[in-house]
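Q: Input: one structure, supplied below.
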Amino acid sequence: MEHEAHATHAHHAGAGHEVAAASTWAMAVRATLHCLTGCAIGEVLGMVIGTALGWGNVPTLILAIVLAFFFGYALTLWGVLKAGVDLRAALKVALAADTLSIAVMELVDNGVIVLWPGAMDAELTDPLFWSALAIALAVAFVLTTPVNKWMIGRGKGHAVVHQYH
């Protein structure tokens, strides 16, 4: 009996250690690309809608951020639901896996756009609109990747999602 308890403990300790060992830069990059995909869809859509409708900067930013979170969560939710997880559990996984990553990505990319001279006033036909948005997303990717590596190394973030793939 004592041997079984020790074996179980070693198995659980090993499982936690495997998660930390699996926290590679490649895994962090994949997690960040996943996050970037959802964020970019929402961000671009929000910026395009707000700009096309002539909204001010604040409503456009709010729409872009809301849509980035929506699409970021939706991509993870879709994958987890495909693995056969029920909706309530899948929502918990998506929230746990993506909230910090999306928040950092949105803070950085919107910060770049807001601080970029003229970017918030650029129209859809202005190359500045598209170049500032692309560069902002690239900067967000670079700064969010270490956050994802740190979370995965602690068994959080996309480490939680990987058990469903």
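The values are calculated or read from the model by the stated rules, or taken from the named source; none is laboratory data. From a predicted model like this one, the values you see are computed outputs, not experimental measurements. Please note: Cβ atoms are built from the backbone with ideal geometry, for glycine as well, and neighbour counts cover all protein chains shown. The accessibility values were calculated without ligands, DNA or RNA, using every heavy atom of the protein model including side chains. Shrake-Rupley method; radii C 1.70, N 1.55, O 1.52, S 1.80 Å.
Q: Within the group L87, L95, L75, L91, which residue is within 23 Å of P146 (Cα to Cα) and open to solvent by 70 Å² or more (accessible area, probe 1.4 Å)?
A: Details: L87 fails: within 23 Å of P146 (Cα to Cα); L75 fails: open to solvent by 70 Å² or more (accessible area, probe 1.4 Å); L91 fails: within 23 Å of P146 (Cα to Cα).
None of the other options fit; the residue is L95.
Q: From the list A68, A89, exactly one residue is closer than 17 Å to A40 by Cα, small (G, A, S) and assigned to a helix (DSSP H, G or I). Which is it? Walk me through it before giving the result.
A: On the way: A89 fails: closer than 17 Å to A40 by Cα.
Only one candidate qualifies: A68.
Q: From the list D109, D98, which one is within 16 Å of A31 (Cβ to Cβ), in a helix (DSSP H, G or I) and in contact (Cβ under 8 Å) with a residue 60 or more places away in the chain?
A: On the way: D109 fails: within 16 Å of A31 (Cβ to Cβ).
Within the list D109, D98, the selection yields D98.
Q: May I ask you to list pairs of residues, at least six apart or on different chains, whose Cβ atoms are under 7 Å apart, with the first in segment 113-139 being over 18 Å from G54 (Cβ atoms) and the second being open to solvent by 50 Å² or more (accessible area, probe 1.4 Å)?
A: Taking only residues 6 or more apart or on different chains, the pairs are A132/W116.
Q: Restricting attention to segment 42-58, which residues are within 17 Å of the chain's Cα centre (by Cα), under 11 Å from N110 (Cβ atoms) and either free of Cβ contacts under 8 Å to residues at least 24 places away in the same chain or surrounded by fewer than 18 Cβ atoms within 10 Å (Cβ to Cβ) (or both)? Let's see the steps before the verdict.
A: We begin by selecting, within segment 42-58, every residue within 17 Å of the chain's Cα centre (by Cα); these are 42-46.
Keeping just the survivors that are under 11 Å from N110 (Cβ atoms) gives 43, 46.
The one that is within 17 Å of the chain's Cα centre (by Cα), under 11 Å from N110 (Cβ atoms) and either free of Cβ contacts under 8 Å to residues at least 24 places away in the same chain or surrounded by fewer than 18 Cβ atoms within 10 Å (Cβ to Cβ) (or both): G46.
To keep it simple, each residue is scored yes or no on (1) of a type in the set (K, R); (2) outside any helix (DSSP H, G or I); (3) farther than 30 Å from V93 by Cβ; (4) open to solvent by 50 Å² or more (accessible area, probe 1.4 Å).
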position: P117; (1), (2), (3), (4): no, yes, yes, yes
position: E123; (1), (2), (3), (4): no, yes, yes, yes
position: A132; (1), (2), (3), (4): no, no, yes, no
position: I135; (1), (2), (3), (4): no, no, yes, yes
position: A140; (1), (2), (3), (4): no, no, no, no
position: T144; (1), (2), (3), (4): no, no, no, no
position: V147; (1), (2), (3), (4): no, no, no, no
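Q: May I pose another question? Assess whether I102 counts as being crowded, with 20+ Cβ neighbours inside 10 Å and either under 17 Å from A40 (Cβ atoms) or modelled with pLDDT of 95 or more (or both).
A: Working: crowded, with 20+ Cβ neighbours inside 10 Å: yes; either under 17 Å from A40 (Cβ atoms) or modelled with pLDDT of 95 or more (or both): yes.
Here the answer is yes, as I102 does meet what is asked.
Q: Does segment 59-69 contain any residue that is open to solvent by 70 Å² or more (accessible area, probe 1.4 Å) and modelled with pLDDT of 95 or more? Before the answer, list the steps.
A: Start the filter on segment 59-69 by keeping residues that are open to solvent by 70 Å² or more (accessible area, probe 1.4 Å), which leaves 62, 66.
Okay, now just the ones that are also modelled with pLDDT of 95 or more, so 62, 66.
So far as segment 59-69 goes, yes, one or more of its residues are open to solvent by 70 Å² or more (accessible area, probe 1.4 Å) and modelled with pLDDT of 95 or more.
Q: Run down G42, G46, G38 and say which single residue is in contact with a Phe, Trp or Tyr (Cβ under 6 Å, 6 or more places away or on another chain), at pLDDT 95 or above and not β-branched (V, I, T).
A: Values: G46 fails: in contact with a Phe, Trp or Tyr (Cβ under 6 Å, 6 or more places away or on another chain); G38 fails: at pLDDT 95 or above.
Result: G42 is the single residue among G42, G46, G38 that is in contact with a Phe, Trp or Tyr (Cβ under 6 Å, 6 or more places away or on another chain), at pLDDT 95 or above and not β-branched (V, I, T).
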